Each structure stands twice: as C-alpha cells, then as structure tokens.
Amino acid sequence: MKKVTILDIMKMKQEGGKIPVLTAYDYPTAKALDEAGIPVILVGDSAGMVFAGYKNTLSVTIDEMRYHTKAVARGSKNALIVTDMPFLSYQVSIEEAKRNSGLLVREGAEAVKLEGGLSMEDTISAIVDMDIPVMGHIGLTPQSVHRMGGYRVQGREKKQREKLLSDARAVEKAGAFCIVLEGMPADLAKEITETISIPTIGIGAGPYCDGQVLVINDVLGLYEDVQPRFIKRYANLKEIISSAVNEYAEEVREGKFPGKEHSF
C-alpha cells in the first residue's frame, strides 16, 4: 500500500469508491489500522471520553492532542493522519487556529479537522492558506453539545436542514478537502454528498456518504458508557481482556506463573 494523500481521498469520491475511516490514539492501534489498510486515521478528540474517561470532549487540550498525534504518527506509515482540533484551539481567533494547527502538523498530523460550517469559513480558509489540509465537520458537533441540548440528531426541521446545506457549501468553498457529516437524517446526508464536490464521511448519517468513520473503541467493544444507534460492534475485546486478566491473576495466586519457561 502506498502513502495515502488528500489527493487520493478526493479521487476516491470521483471514482465512486467508499472511504473507511477509524480513530486511533496510540502507537499499537495506529500500527494495526495502518497494516489493515485503513486509508485515513483520525486522531479524534473522542480520546477524551474513550481514552481518558471525560464525560465529553470539551476538556481535551491541544497538548493532549499533540501527544496522541505523536503516538499515532509513529505507528502509521501509509494512512493519512488527520487530527481533531480540540475545543478552544481554533474558536477564539484565526491566529490561534493557525498556530495550533501548525503545532499538530509538527507532531505528525497531515491534516486537521475542526467543527463548524458558515461560522468557521474564514478560519478554514486561513488554515488552508497555510498549506495545511482541513477536514470539516457539520451536523451533530460534539463541541457544541451544550448549545444543542445534548447529542441530538440535527437537520430534521426545514430551517436546520437549509442551514446544514449552507454549512456544507461554506466548508467546501473555504477549501476543505473533505467533510464529516454527523448525526443527521440519511436523506439530508445524501443530498449534501450529491451537492458538493469534496468527499463526505458519515457517522450516524446513513449509507449514502462517500465514507464512514467510527471510534475504534466502539468498533472493538471497549467502550460502553455511550451506545448510539449508529454504532456497530465488530468484536468484544472487553470480554477477551477480562478473561485473560482473570486467568493471569488465578495463575499468580496458585503459583503457576511464572513457570520455568518464564524464568532465567
């Protein structure tokens, strides 16, 4: 597998290919995803919830995202690495957004992702002008959880629907190479996907997007605090870990481990 670039991702939409995206926060997970051929690894601020146990993503700092980005970059040779810009790293001013996106690129990110549509058009454009690729994110935006009154599907009402269509066009116009559509009706995600020229990556947005993204901990059954309808579990690693740990503890208590083969 050759090194994936933003041009490859944009070409996949043009050729009708689907784009699988997964999150990673550490070296071994990134290495496994990369070797499995996942073309895009998202270093998500979801790390705050599934990695650190925060109640939402708002507590995540730019330094934490830099740390996770460094770890993932070491584990990935081929995948395109996209890092989330956390809350307060880009909303205060365009200058801060430019500086913080640059810090993430220094640590190994090859693109950054930020939430917002029309309100973030100038910010996206400014980062793109620095030659840093940007992935947009509209719909259910977790950093706006308090404004939305919780993790609610967006775009069911006509006014909301029109706003999200405008948001998508604004993100495209600003120069983003890709856009995440989260928590919206499938028909709206389909309309956006057919309206704009850049790839759409869905999460809780139905099957018509150009690609899909999920949190790796959800995919592997390692996070049970929140279980949205759109998640599909492909494994139950929590059960496997519990079984292995119980067996280890029992062998230690009974003096079976370490044996001669584990001793010098």
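The values are calculated or read from the model by the stated rules, or taken from the named source; none is laboratory data. Note that the structure is a prediction, hence the values are computed from the model and not measured. Counting neighbours? That spans all protein chains shown, and the Cβs are built from the backbone with ideal geometry, glycine included.
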Being surrounded by fewer than 21 Cβ atoms within 10 Å (Cβ to Cβ), assigned to a loop (DSSP other than H, G, I, E, B) and assigned by TED's automatic domain parsing to the domain that holds M49: is that true of G206 here?
yes
Note on region 1-17: residues assigned to a loop (DSSP other than H, G, I, E, B) and surrounded by fewer than 11 Cβ atoms within 10 Å (Cβ to Cβ) are K2, E15, G16
Test set (1) at pLDDT 95 or above; (2) surrounded by fewer than 22 Cβ atoms within 10 Å (Cβ to Cβ); (3) of a type in the set (A, V, I, L, M, F, W, C); (4) touching a helix residue (DSSP H, G or I) at 6+ places or on another chain (Cβ under 9 Å) - M184 fails condition number:
(2)
So M1 passes all but one of these: (1) in the same structural domain as A126 (by TED's automatic domain parsing); (2) farther than 20 Å from G202 by Cα; (3) not small (G, A, S). Which condition number does it fail?
(1)
Which condition from (1) exposed (fewer than 10 other Cβ atoms within 10 Å of the Cβ); (2) in contact with a strand residue (DSSP E or B) (Cβ under 9 Å, 6 or more places away or on another chain); (3) aromatic (F, W, Y) is the one that F264 breaks?
(2)
